[in-house]
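Participant: Quick one: this structure, given as C-alpha cells, is what I'll be asking you about.
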Protein chains: 2
Amino acid sequence: MNSQISPFISRLDATAKDTEDLLDRLLSATPVDGELSRPARLVKAMRYSSLGGGKRFRPFLVVECAALFEVPRQHALMAGAALECVHCYSLVHDDLPAMDNDDLRRGQPTAHRAFGEATAILAGDGLLTFAFDILSRLQTHPDPAVRIELVSALARASGLGGMVGGQMLDLAAEGRFDGNAPQRLGENEVRTLQAMKTGALLRFACEAGGMLGSATPLQRKALERYGSAVGQAFQIADDLLDLEGDPTLVGKSTGKDAVAGKATMVDVLGAAGAKARLKELVAEAEHALTPFGRGAAILIEGAKFVADRHA
Amino acid sequence: MNSQISPFISRLDATAKDTEDLLDRLLSATPVDGELSRPARLVKAMRYSSLGGGKRFRPFLVVECAALFEVPRQHALMAGAALECVHCYSLVHDDLPAMDNDDLRRGQPTAHRAFGEATAILAGDGLLTFAFDILSRLQTHPDPAVRIELVSALARASGLGGMVGGQMLDLAAEGRFDGNAPQRLGENEVRTLQAMKTGALLRFACEAGGMLGSATPLQRKALERYGSAVGQAFQIADDLLDLEGDPTLVGKSTGKDAVAGKATMVDVLGAAGAKARLKELVAEAEHALTPFGRGAAILIEGAKFVADRHA
C-alpha cells in the first residue's frame with residue numbers, strides 16, 4: 001500500500017476539489033435572481049479570497065459527518081461551501097492592517113495587499129453575506145426547517161457569541177485596548193477564547209452533518225463532542241506551528257504569536273504540555289465517535305491529521 | 001388637527017421605539033443557546049452602532065407593509081430589527097478610514113472614532129451576522145419556509161449583487177482604484193449603482209412585509225414597485241441633503257459628495273431635475289399601492305416623508 005496517498009488524503013483532496021469547483025460556480029460573474037449585477041472587481045476579490053487554496057478541512061468535516069447519515073454529497077458540499085465563505089471572510093478581515101496586519105496568506109499577498117483595504121473589507125462582507133445566501137438555497141436541503149437550522153447555527157457559531165467574539169477576546173488579550181499591556185490569561189480563559197475564535201466553526205462543521213442527516217439527539221451530542229475536541233486540537237496545532245513551523249510550508253509568517261503576546265495553550269502549558277494535550281484531544285475525538293462504529297474511521301483519521309499537520 | 005404630531009409621525013415614532021426596545025433586548029450581555037459568551041467590549045460597540053438613533057425607516061416599511069396582511073406586529077418587528085442590523089453594520093464599515101473616512105454619524109463620533117478601527121470592523125461583522133440569527137428565530141415567523149425566504153432575500157439584497165456590490169461601484173465611480181480620476185457615470189449607471197447601494201435594502205423592507213403576510217404574486221409585485229420607487233426617492237433626497245442640507249440637522253458632514261466626486265442623480269440631473277424626479281417617484285410609489293386601496297394610506301405618506309425630509 002502506498003503510504004504517500006492514503007485513502008484519507010485522497011478523500012480530503014476530493015472534497016477540497018469539489019468545494020473549489022462549487023465555489024467557482026457559485027461565485028461566477030452572472031447575477032442570480034434578486035441580484036442586479038455582480039461588480040467585476042468585487043467578484044475578483046471574493047474569488048481571490050476564497051478559491052485556489054486551503055485544505056478545505058471544514059467542508060471535509062461537514063461532508064464526512066453528513067456521510068454517516070447517507071446525506072447526498074451535493075447537500076453537504078453546499079453547507080461546506082457556505083462555511084468556507086465564513087472562514088475565508090474571517091481571514092480577510094483578520095489580516096487587515098487594523099487587525100493582525102498580515103501581508104501573506106497561504107503564501108500569497110493578503111487580500112488588502114492585493115486589492116487595497118476598501119476592497120478587502122467589502123470582499124469580506126460579501127463572503128459573509130454569501131454564506132447565508134448559499135445555506136438558504138434549495139440545493140442545500142429540500143426541507144426549509146433544516147436550512148433555517150443551519151442558518152441559525154452558523155450565525156451563532158460565527159457571530160458575537162462565537163468567532164467574532166473570540167477575535168475580540170484575542171485582541172483584548174494582546175492588550176490592544178485602553179493602552180493595556182498584554183493580559184496573561186489562565187487556561188480556562190484561553191480555552192473559552194479559542195473555543196469561540198476557531199472552535200465554533202469547526203464544531204459547526206460537525207453539527208451541520210447531523211442537521212443535514214436528521215441525527216438523533218444522542219448522535220448530535222456525539223458530533224458536538226467530536227467537533228469540540230477537533231476544534232481544540234486544531235488551534236493547539238496551529239499555535240505549535242506558529243512557534244516551531246517552517247514559514248515556507250505554513251504559507252504565512254510564523255513566530256508572530258509570541259511577539260504579539262497572543263494568548264495560546266502553548267503559552268499556558270508550554271510546548272511539551274501542549275503536545276501532550278493534543279494527544280488527549282485526539283483520544284477524546286476518537287472516543288466521541290464510538291456510537292458510529294467503523295463508519296467513523298475517516299473522522300478519526302481526520303482528528304489525527306489535524307494534530308499532526310505541518311502546514 | 002395638530003400638524004406637528006401627525007398620525008404618520010406618531011406611527012413612525014412608535015415603530016422606532018419598538019425597534020429600539022427589541023434591539024436593546026436582543027443585544028443584551030447574556031449569551032443565548034449556541035453562544036459561549038458575549039464579550040463586553042463587542043456588545044458595547046454593537047449597541048453603540050445600532051441603538052439610540054435613526055428614524056428606523058426600514059423597520060417602519062417592514063411593519064407597515066406587513067400590516068397590509070394583518071401580520072402580527074412582533075413578527076414584523078423581528079424582521080425589521082434584522083434589517084436594521086444590516087443597515088447599521090453598513091454604516092460602520094462605510095465610515096471606516098479606508099472607506100468614506102467619516103468622523104460623525106447621527107451627530108456622534110463614528111464607531112471607529114469611539115472604539116478604534118479593529119473593534120469597529122468586528123462590530124460591523126457581528127451586526128451583519130446577527131441579522132441572520134434574528135431572521136432564523138421562531139419569533140420572526142412560525143413557518144420555517146417564510147424565515148428561509150427572508151434569509152435568502154436579505155442575503156441577496158445586502159450582498160455582492162446588492163448593497164455591498166453597490167458600495168463597490170460607488171468607490172469605483174469615485175476613481176478610487178488603479179489611480180483613475182472620478183468616472184462620470186450616465187443616468188442608467190447611477191440608477192443601477194443606487195438601486196444596489198441603498199435601494200436593495202429599502203425594497204427588501206417592503207418585500208419582507210409581503211413574505212411575512214403570504215402575499216399573492218400580484219401583491220408582491222406591487223410592494224416591489226413601491227419599494228423600488230421609495231428606494232430611489234430616498235437616495236435622491238439624501239444626495240440633495242448632502243448638497244443643500246444643514247449639517248447640524250443632518251447629523252453628519254455635508255458637501256462631501258461633490259468633493260469625493262460621488263456619482264449621484266443630483267450630479268446627473270442637476271438639483272432642479274433631481275427635485276422633479278423626486279416628485280415623479282412619489283407618484284410612482286402611490287400608484288404602485290393602488291391594489292391595497294385605503295389601507296395603504298400610511299405607506300403613501302411614507303413615500304412623501306422620504307422625499308421631503310430635512311434630516
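The values are calculated or read from the model by the stated rules, or taken from the named source; none is laboratory data. The structure presented is a predicted model; accordingly, all values stated were derived computationally and were not measured. Backbone-built Cβ (ideal geometry, glycine too); neighbour counts: all protein chains shown. Protein only, heavy atoms only, side chains kept; ligands, DNA and RNA dropped before computing areas. Shrake-Rupley method; radii C 1.70, N 1.55, O 1.52, S 1.80 Å.
Participant: Could you please let me know if B:Ala157 is in contact (Cβ under 8 Å) with a residue 24 or more places away in the chain and either under 23 Å from B:Ala14 (Cα atoms) or more than 8 Å from every other protein chain (Cβ to nearest Cβ) (or both)?
Facilitator: When the stated conditions are applied, B:Ala157 does not pass them.
Participant: Does any residue of segment A:139-153 turn out to be in contact with a Lys or Arg (Cβ under 8 Å, 6 or more places away or on another chain), more than 7 Å from chain B (Cβ to nearest Cβ) and either outside any helix (DSSP H, G or I) or closer than 30 Å to A:Gly213 by Cα (or both)?
Facilitator: yes
Participant: Follow-up question, since we're still on this one. If you go through segment A:44-56 one residue at a time, do you hit one that is basic (Lys, Arg) and either crowded, with 24+ Cβ neighbours inside 10 Å or within 15 Å of the chain's Cα centre (by Cα) (or both)? If you could, list the steps in order and put the result at the bottom.
Facilitator: Initial filter on segment A:44-56 (basic (Lys, Arg)): A:44, A:47, A:55-56.
Pick out the ones that are also either crowded, with 24+ Cβ neighbours inside 10 Å or within 15 Å of the chain's Cα centre (by Cα) (or both) and you get A:55-56.
Within segment A:44-56, one or more residues are basic (Lys, Arg) and either crowded, with 24+ Cβ neighbours inside 10 Å or within 15 Å of the chain's Cα centre (by Cα) (or both).
Participant: Can you find even one residue in segment B:34-41 that is away from chain A (no Cβ under 14 Å) and polar (S, T, N, Q)?
Facilitator: Within segment B:34-41, the subset away from chain A (no Cβ under 14 Å) is none.
The answer is no, given that none of the residues of segment B:34-41 is away from chain A (no Cβ under 14 Å) and polar (S, T, N, Q).
Participant: Right, another one. Determine whether segment B:184-204 contains at least one residue that is open to solvent by 20 Å² or more (accessible area, probe 1.4 Å), within 12 Å of another protein chain (Cβ to nearest Cβ), farther than 20 Å from B:Lys55 by Cα and of a type in the set (D, E, K, R).
Facilitator: Taking every residue of segment B:184-204 in turn, at least one turns out to be open to solvent by 20 Å² or more (accessible area, probe 1.4 Å), within 12 Å of another protein chain (Cβ to nearest Cβ), farther than 20 Å from B:Lys55 by Cα and of a type in the set (D, E, K, R).
Participant: Restricting to segment B:102-138, name every residue that is more than 10 Å from chain A (Cβ to nearest Cβ) and of a type outside the set (D, E, K, R).
Facilitator: Quick first cut of segment B:102-138, residues more than 10 Å from chain A (Cβ to nearest Cβ) only: B:102-111, B:113-114.
Residues satisfying the conditions are B:Leu104, B:Gly107, B:Gln108, B:Pro109, B:Thr110, B:Ala111, B:Ala114.
Participant: Also, quick follow-up: Restricting attention to segment A:234-270, report how many residues are of a type in the set (Val, Ile, Thr) and modelled with pLDDT of 85 or more.
Facilitator: Filtering segment A:234-270 for residues of a type in the set (Val, Ile, Thr) gives A:236, A:248, A:250, A:254, A:259, A:264, A:266, A:268.
Narrowing further to those that are modelled with pLDDT of 85 or more: A:236, A:264, A:266, A:268.
Residues flagged as of a type in the set (Val, Ile, Thr) and modelled with pLDDT of 85 or more within segment A:234-270 amount to 4.
Participant: Would you check which residues across segment A:211-228 are assigned to a helix (DSSP H, G or I) and touching a helix residue (DSSP H, G or I) at 6+ places or on another chain (Cβ under 8 Å) and list them?
Facilitator: Within segment A:211-228, A:Met211, A:Leu212, A:Leu218, A:Gln219, A:Arg220, A:Ala222, A:Leu223, A:Glu224, A:Arg225, A:Tyr226, A:Gly227, A:Ser228 qualify.
Participant: Being closer than 17 Å to B:Leu185 by Cβ, open to solvent by less than 50 Å² (accessible area, probe 1.4 Å) and at pLDDT 90 or above narrows it down to one residue among B:Gly302, B:Gly293, B:Gly231, B:Gly273; which is it? I'd like the intermediate steps shown before the answer.
Facilitator: Working: B:Gly302 fails: closer than 17 Å to B:Leu185 by Cβ; B:Gly293 fails: closer than 17 Å to B:Leu185 by Cβ; B:Gly231 fails: closer than 17 Å to B:Leu185 by Cβ.
Criteria check complete, one pass: B:Gly273.
Participant: Still on this structure: Given A:Asp24, A:Asp13, which one is surrounded by fewer than 16 Cβ atoms within 10 Å (Cβ to Cβ) and within 21 Å of B:Arg156 (Cα to Cα)? Give the derivation first.
Facilitator: Values: A:Asp13 fails: within 21 Å of B:Arg156 (Cα to Cα).
Step by step, each of A:Asp24, A:Asp13 is checked, and only A:Asp24 is surrounded by fewer than 16 Cβ atoms within 10 Å (Cβ to Cβ) and within 21 Å of B:Arg156 (Cα to Cα).
Participant: Which of the residues spanning segment A:61-100 are among the aromatic types (Phe, Trp, Tyr) and either under 23 Å from B:Ala155 (Cβ atoms) or crowded, with 21+ Cβ neighbours inside 10 Å (or both)?
Facilitator: Filtering segment A:61-100 for residues among the aromatic types (Phe, Trp, Tyr) gives A:69, A:89.
Matches in segment A:61-100: A:Tyr89 only.
Participant: Evaluate the following for A:Glu70: is it assigned to a loop (DSSP other than H, G, I, E, B), among the acidic types (Asp, Glu) and either more than 9 Å from chain B (Cβ to nearest Cβ) or touching a strand residue (DSSP E or B) at 6+ places or on another chain (Cβ under 8 Å) (or both)? Full working, then the answer.
Facilitator: Numbers: assigned to a loop (DSSP other than H, G, I, E, B): yes; among the acidic types (Asp, Glu): yes; either more than 9 Å from chain B (Cβ to nearest Cβ) or touching a strand residue (DSSP E or B) at 6+ places or on another chain (Cβ under 8 Å) (or both): yes.
Yes; evaluated as a whole, the condition is true for this residue.
Participant: Which of the residues belonging to segment A:158-183 are part of a helix (DSSP H, G or I) and either open to solvent by 10 Å² or more (accessible area, probe 1.4 Å) or not hydrophobic (A, V, I, L, M, F, W, C) (or both)? Lay out the reasoning, then the answer.
Facilitator: As a first pass, look at segment A:158-183 and keep what is part of a helix (DSSP H, G or I): A:158, A:163-173.
If the condition is that a residue be part of a helix (DSSP H, G or I) and either open to solvent by 10 Å² or more (accessible area, probe 1.4 Å) or not hydrophobic (A, V, I, L, M, F, W, C) (or both), then A:Ser158, A:Met163, A:Gly165, A:Gly166, A:Gln167, A:Leu169, A:Asp170, A:Ala172 are the ones that fit.
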